[in-house]
Amino acid sequence: MLRFHNQVVDDNPGLDFLSVQRIVRWHYQWVVIHDFLPRIICGHVIESLKTNGLYDQKRLKFYHWKKDPFIPVEFSVAAYRLGHSMIRPGYRLNDDDATLLPIFPIPPGFPGAPAGGISPGLTGFQAVAKNRGIDWGRFIDIGTVRARGEDPGSIEPPRSPTGDIKKRLQFAYRIDTSVVTPLSVLPKAVAPDPPGSLAQRNLLRGFELGLPTGQSVAKAMGVTPLTDEEIIIGKAVDAGDSGPGDVRGSIATLSTLSAFQGECPLWTYILAEAMKNAIKVSIPVIQPVLVTTPQLGEVGGRIVAEVFLGMLFGDNDSFLSADPQWIPTIGGAKKDFTLRDIVAYALGPQPSANGQVAILSKTIPTGVSQRQHIELNDNRFSSTDSRIANLETYMQEIRTHLKLQLM
């Protein structure tokens, strides 16, 4: 966003700081509620918050404040932790080093650990290595460039023995009731005290703060609760696409989770609800690909959407409050302004004499940094281990922990 801000300054030398600040904030706010929310929340929930195509504060049923807008605990400790299930086990940052870097170091002997010892991971709290400049074309479709190599989605023959199998857009994982392996062994820099599993920490946090169950929240919102049979624990996969490590079962059928029947933790409930609200989404690759994509439903989606909208309605300087009919102006007035437009505008084409494009602190050859293809199954450290840390194990363990506390 700093680069976006600076680009707005460069393109509008006559504007003062406050005017530039408003432009930047309003474009970001637009992307949050018109691009991000519709991607993660089912359409009928989004539309129920609008009047004549515009978000309407009167449509907020649950998010109301007396003095100032606030962030409810149901949002911060449950609903908005949906992102934990969307994290990949690792990422390739750029073409200088196409190594799949785990998000956190994986201890030796743990599933997915590298043979040579603990991998460096992407843990923060340290200086950024020189070879870790971000090539945003690996994360956002900021250009459509024909890919070469042996990848699915490529329409050219390979031009080298190895092809370009590691150069592709990296999508977030689907919203479901599972997390990747590195999130079950958090490093001490992130979680100095036990438990070391992010899923366990989420469940324990919800218990300690007295969060109601998912079924209780659904009833309070006037929504028919999911049955125990509908609360699936495991990875969201397409029919015929599951692997040996993709363990799935419902609260009704898994004997280890019988104590949660009718009383599912809110975080888990919201993720399970999303798995029942899946749609087909076309992803930006060379050849058309439709991917089944879970979206937050009546409970989780309503909580997330109302908090975002309520916060903006409560801010007199937001575009929803100051000018609700405003539309983005960067790149020409258009309603389909997305995160892609923010990133593309911030980076901008920066060709040099040698035909290369500079991105952040590294130089990437033109036509390499913005390739658009995907290898749907090349996102695991192994075929069985990357998402076996599903919630069945964690829910069983946290239940035991809670019993000990209550005795």
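Note down all Cβ pairs under 9 Å where the first residue falls in region 172-187 and is within 13 Å of Ile232 (Cβ to Cβ), the second is in a loop (DSSP other than H, G, I, E, B) and among the acidic types (Asp, Glu), and they're at least six residues apart or on different chains.
Partner pairs satisfying both residue conditions: Ser178/Asp246.
Let me confirm something: among Ala353, Ala305, which residue is within 30 Å of Lys219 (Cα to Cα) and either surrounded by fewer than 18 Cβ atoms within 10 Å (Cβ to Cβ) or at pLDDT 95 or above (or both)?
Numbers: Ala353 fails: within 30 Å of Lys219 (Cα to Cα).
It is Ala305.
Any residue in region 305-329 that's closer than 20 Å to Leu18 by Cα: show its pairings with residues that are of a type in the set (Val, Ile, Thr) and at pLDDT 95 or above at Cβ separation under 8 Å, as long as the two are six or more apart or on different chains.
From region 305-329, the pairs are Leu312/Ile33; Leu320/Ile33; Thr329/Ile23.
Within region 80-105, take every residue that is assigned to a loop (DSSP other than H, G, I, E, B) and within 30 Å of Leu209 (Cβ to Cβ) and give me the one that is modelled with the lowest pLDDT. Steps first, answer last, please.
At the first step, the residues of region 80-105 found to be assigned to a loop (DSSP other than H, G, I, E, B) are 87-89, 92-100, 103-105.
From the residues that got through so far, the ones that are within 30 Å of Leu209 (Cβ to Cβ) too are 87-89, 103-105.
Details: Ile87: 95, Arg88: 93, Pro89: 89, Ile103: 88, Phe104: 85, Pro105: 77.
Only one residue fits best here, namely Pro105.
Please verify whether region 51-61 includes one or more residues that are farther than 25 Å from Tyr345 by Cβ, surrounded by fewer than 14 Cβ atoms within 10 Å (Cβ to Cβ) and among the hydroxyl-bearing types (Ser, Thr, Tyr).
yes
Out of (1) in contact (Cβ under 8 Å) with a residue 24 or more places away in the chain; (2) over 20 Å from the mean Cα position of the chain (by Cα), the odd one out for Asp10 is which?
All conditions pass for Asp10, except number (1).
I'm told Phe110 meets every condition in (1) surrounded by fewer than 17 Cβ atoms within 10 Å (Cβ to Cβ); (2) among the hydrophobic types (A, V, I, L, M, F, W, C); (3) at pLDDT 75 or above except one. Can you identify the failing condition by its number?
Just one mismatch for Phe110, condition (3).
Are any of the residues in region 16-38 over 19 Å from Pro328 (Cβ atoms), within 18 Å of the chain's Cα centre (by Cα) and without any contact (Cβ under 8 Å) to a residue 60 or more places away in the chain?
Looking for residues that are over 19 Å from Pro328 (Cβ atoms), within 18 Å of the chain's Cα centre (by Cα) and without any contact (Cβ under 8 Å) to a residue 60 or more places away in the chain, one finds none in region 16-38, hence no.
Please go through region 26-79 and give me each residue that is part of a loop (DSSP other than H, G, I, E, B), modelled with pLDDT of 95 or more and among the charged types (D, E, K, R), ordered by number.
Listed by number, the residues that qualify are Asp56, Lys61.
Looking at region 244-272, I want the residues that are under 22 Å from Leu204 (Cβ atoms) and among the aromatic types (Phe, Trp, Tyr) and have a partner that is modelled with pLDDT under 90 and assigned to a loop (DSSP other than H, G, I, E, B) with Cβ atoms under 8 Å, at least 6 apart or on another chain. Which pairs are those?
Within 8 Å, no pair qualifies.
When you scan region 313-320, do you find a residue that is of a type outside the set (Val, Ile, Thr), surrounded by 22 or more Cβ atoms within 10 Å (Cβ to Cβ) and assigned to a loop (DSSP other than H, G, I, E, B), even just one?
no
The values are calculated or read from the model by the stated rules, or taken from the named source; none is laboratory data. What you are looking at is a predicted structure, and each value in this text was computed from that prediction instead of being measured. Neighbour counts are summed over all protein chains in view; Cβ atoms, including those assigned to glycine, are modelled from backbone coordinates with ideal geometry.
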